[in-house]
Amino acid sequence: MSRRMEKRTNLHHCVPKSRNGKTNSSNLIRKEVKKHEAYHTLFGNATPEEAIAIIIMEWTTEEWRNRFVREYEKRIERLERLILPYTR
Ligand SMILES: [Zn+2]
């Protein structure tokens, strides 16, 4: 990659340092600086799991959320049927 094409990167703590997230490879990911800043602008110090909850609760309509929950329940029911023979 040419020098001009290189993107500036830095490290992001998946579990924030302020919440006892460790500074080691199991908790750090390298991100493009612009995207890293955008993440914290949108989600503050939320973990990825909390960021997903923020997207679902703040960026969708109630109708969309209800559909999402119904589809999720159908997926869980399918998985439960699939594992049934192995749980007897
Ligand atoms: Zn970060």
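Remarks
- Failed item in (1) in contact with a strand residue (DSSP E or B) (Cβ under 7 Å, 6 or more places away or on another chain); (2) on the phi > 0 side of the Ramachandran plot, with N20 passing the rest: (1)
- Screening E32, E6, E63, E37 for residues that are of a type in the set (D, E) and modelled with pLDDT under 95 leaves exactly one candidate, E6.
- Residue within the range 40-54 that is within 16 Å of the ligand (Cβ to nearest atom), surrounded by 10 or more Cβ atoms within 10 Å (Cβ to Cβ) and of a type in the set (S, T, Y) present: yes
- Here T87, T23 are screened, and the one residue that is among the polar types (S, T, N, Q) and modelled with pLDDT under 95 is T87.
Matching residues to (1) over 16 Å from the mean Cα position of the chain (by Cα); (2) among the hydrophobic types (A, V, I, L, M, F, W, C); (3) part of a loop (DSSP other than H, G, I, E, B):
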residue: V15; (1), (2), (3): no, yes, yes
residue: T23; (1), (2), (3): yes, no, yes
residue: S26; (1), (2), (3): no, no, yes
residue: K35; (1), (2), (3): no, no, no
residue: A46; (1), (2), (3): no, yes, yes
residue: I55; (1), (2), (3): no, yes, no
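- Pairs with Cβ under 6 Å, 6+ apart, first in the range 11-22 and among the small types (G, A, S), second surrounded by 13 or more Cβ atoms within 10 Å (Cβ to Cβ) and part of a strand (DSSP E or B): G21/H13
The values are calculated or read from the model by the stated rules, or taken from the named source; none is laboratory data. Everything numeric in this text was worked out from a predicted model, so none of it was measured. Cβ: placed from backbone, ideal geometry, glycine included. Neighbour counts: every protein chain shown.
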